[in-house]
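A short worksheet on the structure shown next.
The values are calculated or read from the model by the stated rules, or taken from the named source; none is laboratory data. Since we're looking at a predicted model, the values are computed, not measured. Glycine also receives a Cβ, built like all others from the backbone with ideal geometry; neighbour counts cover every protein chain displayed. Accessible surface areas use protein heavy atoms only, side chains included; no ligands, DNA or RNA. Shrake-Rupley method; radii C 1.70, N 1.55, O 1.52, S 1.80 Å.
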Amino acid sequence: MSDTSDRPVVEELLGGMVAGQQLSEADAASLAREVREGRRAVASEEDVLRWLAAEYAIDFSPLDNPPLDRQLLARFPARVLLREELLPLRQVNGSVEVALNRLFATPGLDGLRTLTGLKLKPVLAPQEALQREIKKQLGLGADTIDQLGAESAFQVVEQAEDEQTDLDKAAEDASIIRFVNQVLGDAIGLRATDIHIEPYEDELRIRYRIDGILQDVPVPAQIKRFQPAIVSRVKILSHLNIAEKRLPQDGRIKIRIKNSEVDIRVSAIPMIHGEAVVMRLLHQDANLMRLGELGMGERELRIFRRVLKLPHGIVLVTGPTGSGKTTTLYSALNEINDSIRKIITIEDPVEYQMKGINQIQVSEKAGLTFGRGLRAILRHDPDVVLIGEIRDVETARIAVQASLTGHLVFSTLHTNDAPGALTRLVDMGVEPYLVASSLESVLAQRLVRVLCPACKRPDDSPEVAVLREQVPALRHPTIYRSVGCLSCRNTGYYGRRAVFEMMDMTHEVRQLLLKGRSSGEIREVARREGLRLLVEDGWRLVAEGVTTPDEVLRVSKQDLGNGHS
């Protein structure tokens with residue numbers, strides 16, 4: 001077979017990687033023959049790059065822990081490095097090693113030689129690792145900030161409160177617009193749920209909340225200069241008053257990226273070194289999970305499905321902000337959403353949009369509160385009502401009255417555990433007999449991070465050995481620990497799962513509530529009747545190899561005493 005016919009075979013085998021290297025016909029043919037004859041295994045991009053490095057007598061680096069010289073890196077223009085995907089590593093014997101992914105990236109290397117006058121030595125590296133290190137070392141939007149710094153006509157300065165500001169023009173600068181867009185796009189791509197922009201005396205810090213944990217985002221050091229313009233750009237997007245820098249403001253942005261709509265809730269609060277901004281990202285078209293896909297235990301799922309068939313009553317889901325309560329409730333609504341029921345929700349904000357359900361967005365500015373909206377809802381003849389959150393006694397009492405007049409009511413509450421929801425309602429001012437007669441079940445939940453399947457390893461540490469002795473459910477299963485790899489951004493985790501604590505309102509539990517007993521006493525009785533605590537449900541996920549003991553203890557510390565029994 002001729003060399004010419006071998007080239008397409010290689011490109012097909014390697015998914016176009018070789019084509020990206022601009023190999024000659026002879027090189028492509030040589031590699032293709034080695035693959036077909038079994039003399040070379042090609043399973044990844046790294047295999048191709050190692051072969052190229054050997055053929056052309058140059059170095060290869062996986063960039064696992066690259067030897068970077070930060071002072072040397074500062075001598076190269078960020079916009080050129082980002083555009084050409086080049087990363088200077090270190091200076092060795094008078095030459096600067098430069099990591100690249102394309103063997104024939106001569107225009108980029110020639111440009112760097114001209115700009116710096118340095119002798120450059122190419123080092124092949126995998127594309128994903130190279131892009132990761134460039135972003136880590138240069139910072140998000142480094143090319144944009146680099147360009148801003150070079151534009152003498154544009155400069156952001158701090159101004160006194162009584163001086164007239166021109167930040168609206170600064171915030172509409174193309175580079176600032178591009179930088180804010182880069183932050184939003186990067187956060188969405190990394191599955192972040194929140195973006196934190198935090199001003200300090202000598203830096204502007206940006207962090208993403210990914211899988212419930214805040215992670216620093218590398219940004220160029222000189223970004224502090226453009227802090228007011230960046231904050232103003234976010235305020236313009238969310239229709240806030242950019243001249244008001246002394247009071248907290250709330251707004252929203254709606255964007256579309258890759259055919260996906262994202263609703264962004266914006267909160268700006270003045271701090272001592274400028275305004276801090278938090279943006280919460282809500283994916284409007286996120287795939288809604290079915291009830292059976294939430295990962296509940298057999299007992300919890302059985303009780304939940306039973307209460308969904310009730311004609312009236314209150315079902316509460318409790319937990320802190322960001323613990324997946326809304327996802328659970330919408331999965332429940334999805335289970336009973338049919339043509340014979342009218343379902344109305346009132347929320348702030350509306351996080352999921354579901355066909356067949358009437359959804360109301362609370363608007364405090366317009367006077368549409370939970371209480372006012374609820375009273376209006378009940379005149380619309382609903383069968384099922386979802387209240388986003390019970391925040392005050394007015395909402396709680398209307399919810400109770402709705403359940404007693406023949407409606408199935410779902411809502412959320414902020415309590416540490418399921419039994420605590422009963423006493424919380426009473427503390428809010430709802431009479432115990434009303435809570436006892438209307439409440440059907442309480443589901444407490446937390447989210448634990450899921451171990452990255454690519455890098456998790458068995459954990460044989462002394463701490464795990466002690467834990468096995470304390471927790472009978474963990475005596476025999478393999479327990480895993482987090483490690484960290486490229487797939488999970490070196491966190492050891494990828495995604496989250498919920499742990500649940502389902503308390504059924506039995507006759508004995510109702511009697512304890514009527515007698516004014518504490519949540520601790522109610523918990524003990526509920527446990528005798530089958531209640532499994534959050535920490536105990538967490539041990540189930542540890543035994544299944546889904547998460548780690550550390551994760552379970554992180555979200556359920558208040559249950560340690562009982563959870564080890």
Whichever residue in segment 49-67 is under 16 Å from Glu97 (Cα atoms) and of a type in the set (A, V, I, L, M, F, W, C) and, among such residues, is surrounded by the most Cβ atoms within 10 Å (Cβ to Cβ): Leu63
Quick one: which of Thr326, Thr318 is in contact with an Asp or Glu (Cβ under 6 Å, 6 or more places away or on another chain), open to solvent by less than 40 Å² (accessible area, probe 1.4 Å) and either within 21 Å of His414 (Cβ to Cβ) or among the hydroxyl-bearing types (Ser, Thr, Tyr) (or both)? Thr326
Take the residues in segment 36-50 that are closer than 18 Å to Leu130 by Cα and of a type outside the set (Lys, Arg); name whichever of them is modelled with the highest pLDDT. Leu49
Options Arg79, Arg70, Arg102, Arg83; residue that is in contact (Cβ under 8 Å) with a residue 60 or more places away in the chain, open to solvent by 60 Å² or more (accessible area, probe 1.4 Å) and in contact with a helix residue (DSSP H, G or I) (Cβ under 6 Å, 6 or more places away or on another chain): Arg79
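Residues checked against (1) among the aliphatic types (A, V, I, L, M); (2) under 15 Å from Val180 (Cα atoms); (3) modelled with pLDDT of 90 or more:
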site	(1), (2), (3)
Ile223	yes, yes, no
Ile230	yes, yes, yes
Arg233	no, yes, yes
Pro248	no, no, yes
Ile257	yes, yes, no
Met271	yes, no, yes
Gly274	no, no, yes
Leu281	yes, yes, yes
Kindly establish whether Ser487 is surrounded by fewer than 22 Cβ atoms within 10 Å (Cβ to Cβ), in contact with a strand residue (DSSP E or B) (Cβ under 8 Å, 6 or more places away or on another chain), small (Gly, Ala, Ser) and within 24 Å of Gly322 (Cα to Cα). yes
Which residue pairs have Cβ atoms under 8 Å apart, sit 6 or more places apart or on different chains, and have a first residue in segment 55-66 that is more than 20 Å from Gln137 (Cα to Cα) and a second that is exposed (fewer than 12 other Cβ atoms within 10 Å of the Cβ)? none
Give Ile230, Ile242 a once-over and let me know the one that is closer than 30 Å to Asp348 by Cβ and over 25 Å from the mean Cα position of the chain (by Cα). Ile242
Would it be correct to say that Met289 is over 15 Å from Glu501 (Cα atoms), of a type in the set (A, V, I, L, M) and modelled with pLDDT of 95 or more? no
